[in-house]
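K.L.:
Just dropping this structure here.
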Amino acid sequence: MYDDHATPPAGIQEWPASTSVIAASNQGALVEALRQRGALSKMQLSELTGLSAATVNRVLKGLIEHGFVAQAGTEESTGGRPAVLFDVVPTALVSGAVQVRREGITGALVGFNGEIIERFEREFDAPGPDGGPRALHRMIAQLAERCTALDIPLHVVGVSVGGIASPNGTVTGLNPRYWPEATLTELVGEHEVRVVVENDANALALGELYRGVGRFSRQFVALVLDRGLGSGIVANGELVRGARFAAGEVGYLLIDSDSLTTPPQGRGELESKIDPVAVTGAAHDVGIDAAHPLTAAEIVARESAGDQRAAPVASMVLDMLARGVAALVSILDPDVVVLGEGLDERADLVIPGLRKRLEGRIQFVPEIRTASLGADAVLLGVAETALRAVPGPVRISRSV
């Protein structure tokens, strides 16, 4: 970490970096410390960042003057004058977050502190190739309009999708009932605010890297089960995208003895057995009629609640998930496996079920846990991803 107050090492007349570069680095260090840890005193900021007290004072003053940081009360004291606490201003940099789901869209305004200010839901219109894009355009416009009404600038919008999103402008794997084959620009449309698109599992992994599991692990995978089963892979503190931006598509594992002889179905074999459509169909076959599509976690919960009809379906779901996790763990050797949306609702049942199937069958079973960012982990992750992807008036460092 640069400290523009510290003395250069012996033999060096002055720091080689420009004042603006040093200032931006120091500014980012303080902002990141506050965004990750919450309200902190000047002494705590100095200890966390390694910056001198004088540098913390100077940089903090500038952040306060520009409205990014404000006083946030005082620290409890056992004697003497209590220390003043500082924190980021939630409305200083607001990001929009949009999660494209199987049958609809969730949107949110996310503050600079990483907390949701307001959220919105929108279902797709009747099935058709323009149903998805139309709903997405309306959601982005709604986020912008709400910020205008609140008199808050909208800095950027992040959109998470279940398909493969590549920087060259293509998206593949979206639900064909609502989405046409189109470039990313055509799907998102034209908006005054910058829009960043990311795969949902990658968004979850990046959110956890910056604000969750990444605080103690640099090697982990994050799983999301919606229309398909995908994983975001973090190795050595970096997201692994792959040569074609399709890394982590664990739902495409071939798992049956006849996988190589049966005609291709156009979808991943593993995910086609455990997505809500498949689980609901399997449940129907054993006499369970559901009012809505059943997730993997829900069918496991039904068995736990005593519905023995659900037992074979729940067992099949956990078997398939365990195979996917086993492949990821055996190849990547992560510290942690993070269960995200579609798997985390009944983690108290899913995690023991996975561990029971994996222990003794692979070399090491890592910690399996739910996302640190909770049920909105993908939304918060794509907001964080977008915020870091677009240059803003204050630099955001990687982590503290």
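K.L.:
Between residue 389 and residue 286, what length in nm is gained on full extension when 0.36 nm per residue of separation is reduced by their alpha carbon distance?
P.N.:
32.3 nm
K.L.:
Run the helix sum for the chain: -39,500 (n - 2.57) per DSSP H stretch of 4+ residues, divided by residue count, reported at 222 nm to the nearest 500 deg cm²/dmol.
P.N.:
Value at 222 nm, helices only: -11500 deg cm²/dmol.
K.L.:
Here's another thing I want to ask about it. Among 201, 389, 29, which one shows the highest mean-square fluctuation when the chain is modelled as a Gaussian network with alpha-carbon springs under 10 Å?
P.N.:
Judging by the Gaussian network model, the answer is 389.
K.L.:
Show the residues, 5+ positions off or on another chain, whose built amide H is closer than 5 Å to the amide H of residue 189.
P.N.:
none
K.L.:
For the chain, what does the relative contact order come out to in percent, with C-alpha contacts under 8 Å and a separation of six or more?
P.N.:
Normalised by residue count, the contact order of the chain is 16 percent.
K.L.:
Then there's this: Specify the inter-centroid distance of the stretch 247-282 and the stretch 114-171, based on alpha-carbon positions, in whole Å.
P.N.:
Cα centroid to Cα centroid, the span is 29 Å.
K.L.:
What residue among 382, 84, 196 shows peak mean-square fluctuation when the chain is described by a Gaussian network model with Cα springs under 10 Å?
P.N.:
Between 382, 84, 196, it is 84 that shows the largest mean-square fluctuation.
K.L.:
Taking 0.36 nm per residue of sequence separation and subtracting the Cα-Cα distance, how much length would be gained by fully extending the chain between residue 348 and residue 219, in nm to one decimal?
P.N.:
44.1 nm
K.L.:
Between residue 103 and residue 121, what is the label-point separation in nm under the 7 Å Cα-to-beta-carbon projection?
P.N.:
1.1
K.L.:
Moving to a separate point now. Computed FRET efficiency, Cβ-Cβ of residue 54 and residue 74, R0 35 Å: what is it to the nearest 0.05?
P.N.:
E(calc), rounded to 0.05, equals 0.95.
K.L.:
Straight distance only, please: which lysines reach the Cα of residue 42 with their own Cα at less than 21 Å, same-chain residues fewer than 8 apart left out?
P.N.:
Qualifying lysines at Cα under 21 Å: 61.
K.L.:
What helices in the chain pass both tests, a Cα length along the helix axis of 30 Å or more and a mean Kyte hydropathy of -0.5 or higher, using whole DSSP H runs? Show your work: numbers first, answer last.
P.N.:
Values: long enough: 311-332 (31 Å, 1.71).
Helices passing the filter in the chain: 311-332.
K.L.:
Label points 7 Å out from Cα along the Cβ direction at residue 37 and residue 355: separation in nm?
P.N.:
With each label point 7 Å from Cα toward Cβ, the separation is 3.2 nm.
K.L.:
Which semi-axes, in whole Å and largest first, does the equivalent ellipsoid of the stretch 215-370 have when worked out from the alpha carbon gyration tensor as the square roots of 5 times its eigenvalues?
P.N.:
Numbers: eigenvalues 131, 71, 39 Å².
With the √(5λ) rule applied to the stretch 215-370, the semi-axes are 26, 19, 14 Å.
K.L.:
Would you work out which of 352, 291, 314 lies farthest towards the positive end of the dipole of the stretch 215-370? Charges go on Cβ: Lys and Arg +1, Asp and Glu -1.
P.N.:
Result: 352.
K.L.:
Another question, then. Please report, in debye to the nearest 20, how large the charge dipole of the stretch 215-370 is about its Cα centre when each Lys and Arg carries +1 at its beta carbon and each Asp and Glu carries -1 there.
P.N.:
The dipole of the stretch 215-370 has a size of about 340 debye.
K.L.:
Restricting to Cα pairs below 8 Å that are 6+ residues apart, what does the relative contact order work out to for the stretch 246-323? Please round to a whole percent.
P.N.:
Numbers: 74 pairs, mean separation 18.6, N = 78.
That works out to 24 percent.
K.L.:
Another question, if that's okay. Students often check this: by mean Cβ neighbours within 10 Å, which of 305-318, 121-134 ranks highest, and how do the rest follow?
P.N.:
305-318, 121-134
K.L.:
Might you report the magnitude of the Cβ-based charge dipole of the stretch 19-88 about its Cα centre, with Lys and Arg at +1 and Asp and Glu at -1, to the nearest 20 debye?
P.N.:
Value, rounded to 20: 140 debye.
K.L.:
Report the extension gain between residue 170 and residue 240 in nm, rounded to one decimal, defined as 0.36 nm multiplied by the number of residues separating them, less their alpha carbon distance.
P.N.:
Computed gain between residue 170 and residue 240 is 23.4 nm.
K.L.:
Looking at the chain, send over the antiparallel percent of its DSSP beta bridges, to the nearest 5.
P.N.:
Around 60 percent of the beta bridges assigned by DSSP in the chain are antiparallel ones.
K.L.:
Next question, about the same structure. Explain nothing, just the number: dipole magnitude of the chain about its Cα centre with +1 on each Lys and Arg Cβ and -1 on each Asp and Glu Cβ, in debye rounded to the nearest 20.
P.N.:
640
Coordinate-derived values only; no laboratory data. All figures in this text were calculated on a predicted structure; none of them were measured in a lab. As a convention, Cβ positions derive from the backbone with ideal geometry for all residues, glycine included, and neighbour counts pool all protein chains shown.
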